[in-house]
């Protein structure tokens, strides 16, 4: 009986230890803002993004299903998902895998707001490119919230279209990522 209790206690301790290292969420948000002076409508939001953060080694990742981006104008959403743009039937996800490069500057055990340097690879439209940005990490009790913004050059990912050439869609849209763990 004592051995059984000991095994369960060790299993529970391991689970708690693991939970403190790796955090995940299925409700992170990615916003896409490709507005220009000519058109304020190319904005989208995806609230069903999967994100993971390892507080021990600084690894982080997010994965967004392209078809889950929601636009105010259904016609823009249709164009966004079409073969001429994101081709979401063929390239169904955007994936970022990276790492906090200044992990020692972030104390996940103490409440506070921390600035984290992030570097990794973004795969979009079948193309993988390096991305470097700064994230804000807020630790409050057992909750961790991360926020980051960066721009991508759509041409680097093979995304083009007449609206980009006409100046109706930004050539370097802003991407915002928010995840609460």
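Any read-out appearing in this document is the output of simple, stated calculations on the displayed coordinates, not a laboratory observation. Since we're looking at a predicted model, the values are computed, not measured. Counting neighbours? That spans all protein chains shown, and the Cβs are built from the backbone with ideal geometry, glycine included.
Ordering 58-66, 85-93 by mean Cβ neighbour count within 10 Å, with the highest value first, yields 58-66, 85-93.
Each helix, a run of at least 4 DSSP H residues, gives -39500 (n - 2.57); summed and divided by the residues of the chain, these come to -5500 deg cm²/dmol at 222 nm. Put simply, when 102-114, 26-38, 132-144 are sorted by average Cβ atoms within 10 angstrom per residue, most first, you get 26-38, 132-144, 102-114.
Could you order the peptides 163-169, 71-77, 43-49 from most to least packed, using the average number of other C-beta atoms within 10 Å per residue?
43-49, 163-169, 71-77
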